[in-house]
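Every number in this text was worked out from the coordinates using simple rules, so none of it is lab data. For clarity, every value in this text was computed on a predicted model and none was experimentally measured. Using ideal geometry, Cβ is built from the backbone for each residue, glycine included, and neighbour counts are taken over all protein chains shown.
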Amino acid sequence: MTPSEIVIEATQRGLRLLPAGNMLAVVPKGHCPPDFADLLRAHKVELLDWLEARTHNLPSDCAPWLHVAKQILAGEFIGADKSTVTSLTIGLRSINHPLCQQALNRLNQSRNKHKKGSI
């Protein structure tokens, strides 16, 4: 299921899904059936990114870039090759979201450090 389908399903069940930091809040609390809670857990990362994109009025296809931005900020791309860094930079620079801009700054800092170290 896609994040939008899961949110529709939640709405049909009378539930609202809200991002709460790294957690996914379900309102009203305690009204989520166990099988649906398992589905939410399985898709938590995608749901949080999708909800975050919606909060900032970004197109839904930008949601995966929020996840990539979080990975960059967590250091998961340290030591990535030049081609990967260039691809990430191209993808992030068009998304007007604070996380994407922070990740872009991190990539640029990394690239500048790498350039200074070369001969």
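Below, the figures for the structure above:
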{"quantity": "Around residue 27: net Lys/Arg minus Asp/Glu count, Cβ-Cβ under 14 Å", "calculated": "+3"}
{"quantity": "Charge context of residue 48, other residues only, Cβ under 13 angstrom, K/R +1, D/E -1", "calculated": "+1"}
{"quantity": "Label-point separation, residue 74 to residue 38 (7 Å along Cα→Cβ), nm", "calculated": "2.4 nm"}
{"quantity": "Over the chain: helical MRE at 222 nm, DSSP H runs n ≥ 4 each giving -39500 (n - 2.57), nearest 500", "calculated": "-19000 deg cm²/dmol"}
{"quantity": "Length-normalised contact order of the range 58-119 in % [C-alpha pairs under 8 Å, at least 6 apart]", "calculated": "39 percent"}
{"quantity": "Cβ crowding within 10 Å averaged over residues, with 102-112, 8-18, 42-52 ranked highest first", "calculated": "42-52, 102-112, 8-18"}
{"quantity": "Cα long-axis angle, helix 63-73 against the chain (0 to 90 degrees, to the nearest 10)", "calculated": "50 degrees"}
{"quantity": "The chain, relative contact order [Cα under 8 Å, separation at least 6], %", "calculated": "17 percent"}
{"quantity": "Lys, Arg +1 and Asp, Glu -1 on Cβ, resulting dipole of the chain about Cα centre, debye, nearest 20", "calculated": "680 debye"}
{"quantity": "Selection from 101, 55, 20, by position along the positive dipole direction of the chain (Cβ)", "calculated": "101"}
{"quantity": "Per-bin percent of Cα-Cα distances, the chain [10 Å]", "calculated": "13, 39, 26, 15, 6, 2, 0"}
{"quantity": "Packing-based order for 82-92, 57-67, 20-30, using average beta carbon neighbours within 10 Å, highest first", "calculated": "57-67, 82-92, 20-30"}
{"quantity": "Computed magnitude of the charge dipole of the range 58-119 (debye, nearest 20; Cβ of K, R +1, Cβ of D, E -1)", "calculated": "340 debye"}
{"quantity": "Extended-chain gain in nm, criterion 0.36 nm per residue less alpha-carbon gap, residue 105 and residue 84", "calculated": "6.0 nm"}
